[in-house]
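First comes the structure, then the notes that go with it.
The numbers here are math on the coordinates, done by the rules we state, and not lab data. Only a predicted model underlies this, so the values are computations on that prediction, with no experimental measurement involved. Cβ placement follows ideal geometry from the backbone for every residue including glycine, while neighbour counts extend to all protein chains displayed.
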Amino acid sequence: MKITVAGTGYVGLVTGVCLASKGHQVTCLDVDEEKVKTMQKGISPIYEPGLSELMQEYMDNLTFTTDYTDAYKDAEVIFIGVGTPEKSDGSANLSFVYQVAKQIARTAERDCVVVLKSTVPIGTNDKIEQYIHDKQIHDCRIYVASNPEFLAQGTAVRDTLYASRIVIGTDEKYPAEVLMHVYEKFDAPKINVGRRSAEMIKYASNDFLALKISYVNEIANLCETVGANVEEVTLGMGYDKRIGNHFLNAGIGYGGSCFPKDTKALSWLASFNDKEIRTVKAAIEVNDSQKLKLIKKARKYYDDFLFLNVAVLGCTFKPGTDDLREAPSLVNVPLLLEDGAYVRIWDPVGTENFKKRIPNGKIKYCDTIEEAITDADICFIFTEWDEVCNFDISKYKKLMRRPIVMDGRNCYALEQFEGSGITYGSIGRKTINSTEE
Ligand code: UGA
């Protein structure tokens with residue numbers, strides 16, 4: 001089919017490339033000329049495992065352009081995958097979505113299905129349909145359907161090609177059939193629901209996962225107080241199929257472009273409708289305080305970090321991405337700097353973005369973990385990169401001035417630190433104090 005995808009961020013580009021890999025002719029549209037030029041060379045502007053390779057393999061089925069008139073005029077299906085960033089009141093900013101809708105209304109010349117992939121508040125599909133119909137110029141039928149995405153950064157290609165489910169939100173026969181055809185070659189359960197339900201499925205799923213993480217983080221905090229080990233606890237919980245063993249990793253809180261934004265958006269939506277969604281509100285509060293958990297723990301060893309060498313391992317919100325949005329490092333590093341610490345950061349892909357987010361000439365960026373921890377007085381782990389998890393922990397003892405490791409992602413087994421001479425604090429587990437402490 002002839003498909004156009006508006007927006008080439010994580011959602012748009014991954015969707016476009018995966019659709020092209022299934023034989024569709026896909027035009028990827030973006031307003032950013034530089035980005036489009038990069039993609040025309042077969043290079044992905046975002047770091048996402050497997051994406052560039054897939055892009056290069058299916059370049060014959062892909063076109064990249066900034067020309068929306070050309071991209072929309074005879075497309076059979078138009079996916080909208082532009083961003084819906086958070087506004088200061090927590091609600092979703094839909095200006096990019098409306099901008100695209102306006103352009104479609106002015107340029108689409110044939111019957112087509114506009115598919116909203118961006119995460120949007122419940123009722124947005126209805127409004128977009130009305131908006132397009134009001135502004136439409138050409139005599140053609142433009143349907144609007146919801147098709148939320150469930151891809152996670154770092155596994156976006158796999159999550160799209162082998163989706164847990166494909167939700168098709170429409171009450172009408174034609175767009176449902178068209179979308180079934182679009183996804184014909186995707187081996188995933190496909191469900192057809194109403195548009196508002198589809199919109200809600202996205203928020204309800206993300207917020208449930210956020211809630212699950214905040215819940216396990218609170219259990220972890222309690223485990224520390226009562227002498228239990230959260231990993232043993234979640235191991236025991238996970239065997240219950242009703243609970244499941246995914247998303248039970250305790251840590252210093254969730255980040256990323258989705259959970260923080262979508263929890264706030266649902267909370268906002270509830271209050272806008274004179275309702276309160278207390279569980280989600282609690283998940284947000286727990287997450288905010290969880291992000292500061294490690295630094296509080298470290299204060300047991302240092303009242304403040306003035307003139308201390310502080311190593312930071314990992315600054316992205318999770319491994320496998322260079323994305324820093326809402327990453328715990330963004331809250332913690334400024335606190336360390338404020339305290340007067342000499343901060344050295346190691347991250348395999350996130351440092352360039354970090355420099356942009358926290359421009360501070362005093363931060364030293366290191367190429368290796370060894371460089372970051374040498375002579376350090378304390379080391380914080382904010383992201384569970386493989387390089388950190390597989391690191392020879394004896395080097396903490398060998399290279400650090402004072403071997404104190406504060407692990408916000410439970411990268412290591414506690415046994416590794418028994419008798420190691422290293423002080424090791426993590427989340428939801430006992431702290432191992434080196435004999436020298
Ligand atoms: C999330 C969802 O997992 C996707 O299903 C969804 O499509 C996506 O949002 C979206 O709405 O676009 P993503 O934000 O890329 O994906 O990343 P996740 O892997 O879900 O991780 C989010 C955060 O939760 C990370 O900071 C991670 O460290 C944290 N996390 C995750 C935990 O603290 N514990 C866990 O057990 C799992």
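For segment 293-425, list log₁₀ I(q)/I(0) at each q in 0.15 Å⁻¹, using the Debye formula over Cα point scatterers of equal strength and ignoring solvent, two decimals each.
So the normalised log intensities work out to -0.63.
Based on the alpha-carbon gyration tensor of segment 39-111 and its eigenvalue square roots a ≥ b ≥ c, which shape applies: rounded if a/c is under 1.5, prolate if not and a/b is larger than b/c, or oblate?
On the way: a/c = 2.83, a/b = 1.18, b/c = 2.40.
Judged from the Cα gyration tensor, segment 39-111 comes out oblate (a/c at least 1.5, b/c at or above a/b).
Stretched out fully, how many nm does the piece from Glu109 to Glu172 gain, at 0.36 nm a residue minus the Cα gap?
On the way: separation 63, 0.36 × 63 = 22.68 nm, distance 2.06 nm.
Extra length available between Glu109 and Glu172 comes to 20.6 nm.
Only counting other Cβ atoms within 10 Å, I'd like Met200, Met55, Met237 sorted with the fewest neighbours first. Don't skip to the answer; put the middle values down first.
Working: Met200 20, Met55 25, Met237 16.
Ascending number of Cβ neighbours within 10 Å: Met237, Met200, Met55.
P(r) of segment 202-290 in 10 Å steps, Cα pairs, percent per bin?
17, 45, 29, 8, 0
Helix-only estimate, please: 222 nm mean residue ellipticity of the chain, summing -39500 (n - 2.57) across DSSP H runs of length 4 or more and dividing by its residues, to the nearest 500. Write down the numbers at each step before the final one.
On the way: 18 runs with 182 residues, N = 437.
Result for the chain, helices only: -12500 deg cm²/dmol.
For Glu415 and Asp89, what does the FRET efficiency come to when R0 = 60 Å and r is the distance between their Cβ atoms, rounded to the nearest 0.05? Numbers along the way, then the final one.
Values: r = 48 Å, r/R0 = 0.79.
Working from the Cβ atoms, E equals 0.80.
Quick one: putting +1 on the C-beta of Lys and Arg, -1 on the C-beta of Asp and Glu, what dipole do you get for the chain around its Cα centre, in Debye to the nearest 20?
600
Determine the relative contact order of segment 202-290: mean sequence separation of Cα pairs under 8 Å and six or more apart, normalised by residue count, in whole percent.
Worked out over segment 202-290, it gives 38 percent.
What residues have an amide H closer than 5 Å to that of Asp407, excluding those fewer than 5 places away on the same chain, when H is modeled at 1.01 Å from N in the peptide plane?
Under 5 Å from the amide H of Asp407: Ile381, Gly425, Ser426.
Between rounded, prolate and oblate, where does the chain land on the alpha carbon gyration tensor, with a ≥ b ≥ c its root eigenvalues, rounded for a/c under 1.5, else prolate if a/b exceeds b/c? Show your work: numbers first, answer last.
Details: a/c = 2.27, a/b = 1.85, b/c = 1.23.
Verdict is prolate for the chain.
Give me the orientation-averaged projected area of the Cα convex hull of segment 2-193, in nm², one decimal.
Convex hull of Cα atoms, orientation-averaged projection: 10.2 nm².
How far is it, in nm, from the label point at Lys281 to the one at Lys41 when both lie 7 Å from their Cα along the line to the Cβ?
Taking the simple label geometry, Lys281 and Lys41 are separated by 5.1 nm.
Would you work out the relative contact order for segment 155-206, in percent, from Cα pairs under 8 angstrom that are 6 or more residues apart? Don't jump to the answer; show the numbers that get you there.
Working: 51 pairs, mean separation 23.1, N = 52.
For segment 155-206, the relative contact order is 44 percent.
With an 8 Å Cα cut-off and a minimum separation of 6 or more residues, compute the relative contact order for segment 245-288 in percent. Could the numbers behind the result be given before it?
On the way: 20 pairs, mean separation 17.5, N = 44.
It comes to 40 percent, rounded to a whole number.
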